[in-house]
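Starting off with a structure, shown below.
The values are calculated or read from the model by the stated rules, or taken from the named source; none is laboratory data. Not measured: the values here are computed from a predicted model. Virtual Cβ from ideal backbone geometry, glycine too; neighbours counted across all protein chains shown. Only protein heavy atoms, including side chains, enter the accessible area calculation; ligands, DNA and RNA are left aside. Shrake-Rupley method; radii C 1.70, N 1.55, O 1.52, S 1.80 Å.
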Amino acid sequence: MIVRPGFLLAALLLAGCGREQPAAVDADLASEIARIKAIDNHAHPVRTVPNGAPPDREFDALPVDNMEPQSDPVNLRPGSALVMEAAKALYRTASKARTMQEKGEQYPAWVLDQMGVDVMLANRVAMGASIQPPRFRWVPYADALLFPLDNSSLARKNSDRKSFFALEDLLKRRYLAEAGFEGPPASLAEYLTRVVAATLERQKQGGAVAEKFEAVYLRSLEFDQVDRAAAERVYQQFAGGGVPADAEYKLLQDYLFRFVAGECGRLGMAVHLHTMAGAGGYFDVGGANPLHLESVLNDPSLRQTNFVMVHGGWPFTREITPLLGKPNAYLDFSAQSLTLSPATLGGIIREWLEHVPEKVMFGTDAYPYSNEMGWEESGWVAARTGRRALGIALTGMMRDGEISRARAVELARMVLRENARKLYGF
């Protein structure tokens, strides 16, 4: 149940964030949008832990809070007016710590209520007592499965990747141990069946609805078609030790990615990919261009796998639009709803809705960015901005005679809820 009344959410949609002259949103449409309980396609909720217990670190396979300083987006900087506004709306006169203590294990679900979110897809290494279905659905990480060999050469690229590959190696060892191995099996065939496929099946049985790739933090999204014999040669040569050359290792990674994608299709899980400029001063923005995924989306052997381009490809939001014509391609606007203004995001959403509206989904990227901006505050800001941006897009389409009011409400329900519900079979 959403705690905040619909009329207040509608007023927030109309009021904007107070830092700019707000674009007009049809008042009746804003009210309709405010009443829709959303499905959040992408977020990183944090478990409630008892006092004195270690903090939850499984909200991300690659936490971004241990990198060198970077130039942060304005909305994510300390002292952001949006963060203070979110804290006031969430906790009113109480403190955050007191609210968490009072709500206990129901605290994460209570946060969803404040956001107007019914179901949140939780990108986590593992779920926990306070992060459980039906309100939270699991999206674990598959990147570690792509890097079974010695990753020291890749880790030397820059300080960010050095940190990330150390974390991936930890998760790789975890997956290997769960499969009964201390190191990579002797053959690629055994690795595929007893480690990769077995891991995905365990995660599916554990409630996973999709697999997440943060691969662009580690390499480009350009996953080429690779013959199995070529992948086997690389695996056989280096599974027992040694450091493969980057070009050789890429052959194996590319083959493994398409194998994982195919297995996800077989198991009925979607594949989520980070497609957006990301955190870190060394992030390869060009490598995140979603057009790199075109050969994957065109692969006839992967027609049963649905791919979700998480974060909507920013800054490549126009390039990503034609990819929605692929039958198994989807996107969400998570993170953009946190870093962009409603007016800017509204223009992007409108172009997508004018193209293939059935493939566009709501998302926040709620994340514990700092002590000041936790997953709660960032989720609240992104949810409000996303709804307002959607209202701006639909209002413009109505006023330009592209759609009727009834169609605008239908599109709002599709983006906020129905597209995701159909994709995941909720």
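Counting helices only, and only those DSSP H runs with n ≥ 4, report the 222 nm mean residue ellipticity of the chain as the sum of -39,500 (n - 2.57) divided by its residues, in deg cm²/dmol to the nearest 500. Walk me through the numbers before you get to the answer.
Working: 17 runs with 176 residues, N = 426.
Using -39500 (n - 2.57) per qualifying helix, the result is -12500 deg cm²/dmol.
Using the Karplus curve 6.51 cos²θ - 1.76 cosθ + 1.60 with θ = phi - 60°, what ³J(HN,Hα) values do you get for each residue of the stretch 224-230, in whole Hz, with x for Gly and Pro?
7, 6, 10, 5, 4, 4, 5
What is the spin-label model distance, in nm, from Asp113 to Glu354 if the labels are put 7 Å beyond Cα along the C-beta direction?
For Asp113 paired with Glu354, the spin-label model returns 4.1 nm.
Work out from phi, with θ = phi - 60° and the Karplus expression 6.51 cos²θ - 1.76 cosθ + 1.60, the ³J(HN,Hα) of each residue of the stretch 348-353, listed in order in whole Hz, and give x for Gly and Pro.
Result, ordered by residue: 5, 4, 4, 4, 5, 5 Hz.
What residues have an amide H closer than 5 Å to that of His42, excluding those fewer than 5 places away on the same chain, when H is modeled at 1.01 Å from N in the peptide plane?
Leu121, Thr364, Asp365
Net charge around Asp224, counting only other residues with Cβ within less than 15 Å of its Cβ (Lys, Arg = +1; Asp, Glu = -1)?
Values: positive: Arg219, Arg228, Lys250, Arg258; negative: Glu222, Asp227, Asp246, Glu248, Asp254, Glu294, Asp299.
Around Asp224, the charge tally is -3.
Do the alpha carbons of any pairs in Lys96/Lys359; Lys96/Lys212; Lys37/Lys172 sit beyond 32 Å of each other, and which pairs?
Details: Lys96/Lys359 36 Å; Lys96/Lys212 30 Å; Lys37/Lys172 37 Å.
In this structure, Lys96/Lys359; Lys37/Lys172 lie more than 32 Å apart at Cα.
Turning to a different aspect of this structure: Once you list every other residue whose beta carbon is under 10 Å from the beta carbon of Val260, what net charge do they have if Lys and Arg are +1 and Asp and Glu are -1? Could you put the intermediate results ahead of the total?
Numbers: positive: Arg258; negative: Asp143, Glu211, Glu263.
Computed value for this residue: -2.
Probe radius 1.4 Å, ligands and nucleic acids ignored: give me the carbon and sulfur share of the accessible area of the stretch 286-426 as a rounded percent.
Values: 2240 of 4550 Å².
C and S fraction of accessible area: 49 percent.
Continuing with this model, one more query. So if each residue of separation counts as 0.36 nm, and I subtract the Cα-Cα distance between Ser153 and Phe426, what length gain in nm does that give? Spell out each step's value before the answer.
Values: separation 273, 0.36 × 273 = 98.28 nm, distance 4.23 nm.
Result: 94.0 nm gained on full extension.
Ok, one more. At 1.4 Å probe radius, can you tell me the per residue accessible area of the chain in Å²? Could the numbers behind the result be given before it?
Numbers: 16700 Å² over 426 residues.
It amounts to 39 Å² per residue over the chain.
Let me ask you something else. Can you match mean projected area of the Cα convex hull in nm² to one of these, (i) 20.6; (ii) 29.4; (iii) 19.6, based on a calculation from the structure here?
Calculated mean projected area of the Cα convex hull in nm²: the matching label is (iii).
Using the Karplus curve 6.51 cos²θ - 1.76 cosθ + 1.60 with θ = phi - 60°, what ³J(HN,Hα) values do you get for each residue of the stretch 394-410, in whole Hz, with x for Gly and Pro?
With coefficients 6.51, -1.76 and 1.60, one gets 6, 4, x, 5, 5, 5, 8, x, 7, 9, 7, 4, 4, 5, 4, 5, 4 Hz.
Another one. What distance in nm separates the two pseudo spin-label positions at Asp28 and Val285, each 7 Å out from Cα along the beta-carbon direction?
4.3
Can you order the peptides 380-388, 340-348 by their average number of other Cβ atoms within 10 Å per residue, highest first?
With the highest mean Cβ count within 10 Å placed first, the list reads 380-388, 340-348.
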